[in-house]
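Student: This is the structure, below, for whatever I ask next.
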Amino acid sequence: MQEEEGDAKKNKNKRREEKKRVVAQRWDASQADYRHMTLVKLSLSTSEVVDRLAPSTGQLSSRFGFAGQKGKNAPTLQTVSA
């Protein structure tokens, strides 16, 4: 039983490390450290948009920054950096 728990923990840590390597590799090092973009959104919070956008950029959503939340139900523009 303890051996199975140890193996599961090792596998979880291994997957976590592999994910970190993939994220680090997908960011183009020849580009600037940060990118700024303007989101145009409707019916989504800024956090929801960032959570959907992050995987396609190869970054964690925690790497994105924005100042405050805009209205979820109104069409809004919001500047975001990553």
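Student: Suppose we filter segment 62-75 for residues that are assigned to a helix (DSSP H, G or I) and without any contact (Cβ under 8 Å) to a residue 12 or more places away in the chain; how many remain?
Tutor: 1
Student: Next question, about the same structure. Going through Gln31, Gln78, Gln59 one at a time, which residue ends up being of a type in the set (S, T, N, Q) and modelled with pLDDT under 70?
Tutor: Details: Gln78 fails: modelled with pLDDT under 70; Gln59 fails: modelled with pLDDT under 70.
Exactly one of Gln31, Gln78, Gln59 is of a type in the set (S, T, N, Q) and modelled with pLDDT under 70, namely Gln31.
Yes or no, residue by residue, for (1) modelled with pLDDT under 70; (2) within 12 Å of the chain's Cα centre (by Cα):
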{"position": "Glu5", "(1), (2)": "yes, no"}
{"position": "Lys12", "(1), (2)": "no, no"}
{"position": "Val40", "(1), (2)": "no, no"}
{"position": "Ser47", "(1), (2)": "no, yes"}
{"position": "Pro55", "(1), (2)": "no, yes"}
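Student: Can you pull out the residues in segment 44-61 that are within 21 Å of Asp33 (Cα to Cα), outside any helix (DSSP H, G or I) and of a type in the set (Gly, Ala, Ser)?
Tutor: Within segment 44-61, Gly58 is the sole residue that qualifies.
Student: Say we look at segment 68-82 and pick out the residues that are hydrophobic (A, V, I, L, M, F, W, C) and surrounded by 11 or more Cβ atoms within 10 Å (Cβ to Cβ); which of these is farthest from Thr46 (Cα to Cα)?
Tutor: Ala82
Student: Something else: Residues being charged (D, E, K, R) and loosely packed, with under 13 Cβ neighbours inside 10 Å: count how many of those fall in segment 49-64.
Tutor: Here the count works out to 1.
The values are calculated or read from the model by the stated rules, or taken from the named source; none is laboratory data. Quantities reported herein were computed from a predicted structural model and do not represent experimental measurements. Methodologically, a virtual Cβ is constructed for each residue, glycine included, from the backbone with ideal geometry; neighbour enumeration extends over all protein chains shown.
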